Amino acid sequence: MKQAYVYIRVSTDEQAKEGFSIDNQKRACMEYAQMYDYHVKRAFEDEGRSGRSTDRPAFQELLTVVKQKPVDAVIIYKIDRFARNVGDFSTIRKQFKEMGVKLLSVSENGDVTEGLIGNIFASVAEWESDVNGQRTRDALMQKFREGWQPTPPPIGYRSVGGERERKTCEPEPYVASIIKELFELYATGNYSVLEIQDWLADKNIVSKNATNLGHSVIHTILNNPFYHGLIRWHGQSKIGNHVPIITKDLYDTCQYVLAKHRNFLLRRRVHDFLLRGFAYCVECGQRYTAEWHIDRHKLKKRGGKIAYYHCPKRDRNGCQAPYVEMTELEKQAAERFKGMQFSQEFIDAVIRKAKEKLATSRKVSGSQKQAILNQKTALEAKRNRLEDALLDGTIDRETFKRKHTELQTRIKNLDSDIQDIEEKCSLDIDLIEEVLAFTRNIYKTFMEAPSFLKRHYLRFFYEKLMVEKKEITETIPTPIFLTLQANHAVIIRQSLLPRLDSNQEPLA
């Protein structure tokens, strides 16, 4: 009996079409082989693959196997399943012909390795491919014009409704809230991307392969404007119809943190000095470093050690900036807050936003807590039925112990989830209380805050503190601080500013 291989292919877009399904193609090829007395040694299948190139796993394997173990024929469902490029088709057809292997098409009813007919069919397939490709591109552009992202939505969203280009998207309830929290955490400047990775893993947000999301994936999320409502396609951008997960302000803050991450990020250090990353040398522009000087005898009255800020180029490259004691420079930084106060309008706005935040937090946490309680109730009911079955003797002891332990573990995990939600609500209240205190008395709140929070307050107002001869002589404000000043949301009492001459220049 003559021997043959079968090759079948379906693209991603065609998988839903009944006539082009893998099973239908395979059935037709097998029936054709049986009709013409061919024994099929093996079938090669490419699912979700385009026919525009020969770079398909099963197709390449077929070509290798045909050379190693030739057969009488290769059976295909249709030429466009085999190749949609005249050049590729002609080259492979020539190779088959030289090896004495026929290329039999079910739809074209016979051998297409001979004569002009094969090239004609391949040309038609290539033309159809080009037409379909253009139709797809036109449909995707129309989808963009209508306000929808043509490509699949990013993590945190799910596709809904319609087929192919007609699909839209909506936030995925659980994942969307996690993505929003991711942006909020990163915007604080207190988390590195690596720490965000671990945090996402704890929330069970992983890749399709069940591995932690990669460093580059998290960067892509943080840089994706889709989350605040913007869609992009072929160099164009517009506000889309999808529901944003975050605000534009939160997105912009994260971009600021990303751009300034080396200076902005609160790194975990053994000795983390308050002004590290903020103090700069006027002499040479270098960022100050800090270190402890330890001498148990000379510094006995100071606990055996003293800390200094200094320019790393001190005594090098001509920089003569002197060392400045840590407490002295940090006191000067704190003094900058004495003359600051927020306007009453700004305070009222913060209170209003705090109430909105608290209401939203209560609503979300209440919904999450109720969903978990519903799950817990269902599991407890299942556990009760299992215990009744043990008492009635309708379940063996081993099965009972295994299933009962599993249910108890799941119930315990749900209790832990409820506790996490309650702790998060408590943290929200603490944060709101801290923010309100800060708006009402900047200096007092700053002085009473722990070191890590003081750094947050500093980075809210300043990008740099310029130091010359042990004195902070100039401050470089953040864009946020500049905006607040421009809108008179922050008031700085003139008595604490340097006196100016008639030309608005500081007096010596």
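Pairs please, first residue from the range 212-240 and in the same structural domain as residue 255 (by TED's automatic domain parsing), second anywhere and in a loop (DSSP other than H, G, I, E, B) and aromatic (Phe, Trp, Tyr), Cβ atoms under 8 Å, 6+ apart in sequence or on different chains.
Short answer, once both residue conditions are applied: 231/148; 240/148.
Please go through the range 79-120 and give me each residue that is at pLDDT 80 or above, closer than 16 Å to residue 62 by Cβ and either not in a helix (DSSP H, G or I) or not assigned by TED's automatic domain parsing to the domain that holds residue 9 (or both), ordered by number.
101, 102, 103, 104, 105
Sort out which residues of the range 30-64 are in a helix (DSSP H, G or I), under 45 Å from the mean Cα position of the chain (by Cα) and either within 16 Å of residue 102 (Cβ to Cβ) or aromatic (Phe, Trp, Tyr) (or both), and write them in order of number.
Narrowing the range 30-64 to residues in a helix (DSSP H, G or I): 30-35, 57-64.
Checking the rest, the ones that are also under 45 Å from the mean Cα position of the chain (by Cα) come to 57-64.
Once the filter is applied, which keeps residues that are in a helix (DSSP H, G or I), under 45 Å from the mean Cα position of the chain (by Cα) and either within 16 Å of residue 102 (Cβ to Cβ) or aromatic (Phe, Trp, Tyr) (or both), the range 30-64 yields 59, 62, 63.
Please give the helices (runs of 4 or more DSSP H) falling wholly within the range 205-301 in which 1 or more residues are touching a helix residue (DSSP H, G or I) at 6+ places or on another chain (Cβ under 8 Å), among the β-branched types (Val, Ile, Thr) and at pLDDT 80 or above.
Numbers: elements: 215-223, 248-259, 261-264.
So the answer is 215-223, 248-259.
Which condition number does residue 129 fail, the rest of (1) in contact with a Gly (Cβ under 9 Å, 6 or more places away or on another chain); (2) modelled with pLDDT of 75 or more being met?
For residue 129, the exception is condition (2).
Contact list please: Cβ distance under 7 Å, first residue in the range 397-409 and within 13 Å of residue 385 (Cβ to Cβ), second residue at pLDDT below 90 and outside any helix (DSSP H, G or I), pairs at least six apart or on different chains.
Hits for this filter: zero, empty list.
Would you be able to tell me the number of residues in the range 310-353 that are surrounded by 15 or more Cβ atoms within 10 Å (Cβ to Cβ), under 17 Å from residue 445 (Cα atoms) and of a type in the set (D, E, K, R)?
3
Can you confirm whether residue 332 is closer than 25 Å to residue 454 by Cα, outside any helix (DSSP H, G or I), in contact with a strand residue (DSSP E or B) (Cβ under 9 Å, 6 or more places away or on another chain) and modelled with pLDDT of 80 or more?
Numbers: closer than 25 Å to residue 454 by Cα: yes; outside any helix (DSSP H, G or I): no; in contact with a strand residue (DSSP E or B) (Cβ under 9 Å, 6 or more places away or on another chain): yes; modelled with pLDDT of 80 or more: yes.
No: the conditions fail for residue 332.
The values are calculated or read from the model by the stated rules, or taken from the named source; none is laboratory data. This is a predicted model, so every value here is computed, not measured. Ideal geometry is used to build each Cβ from the backbone, glycine not excepted, and the neighbour counts take in all protein chains shown.
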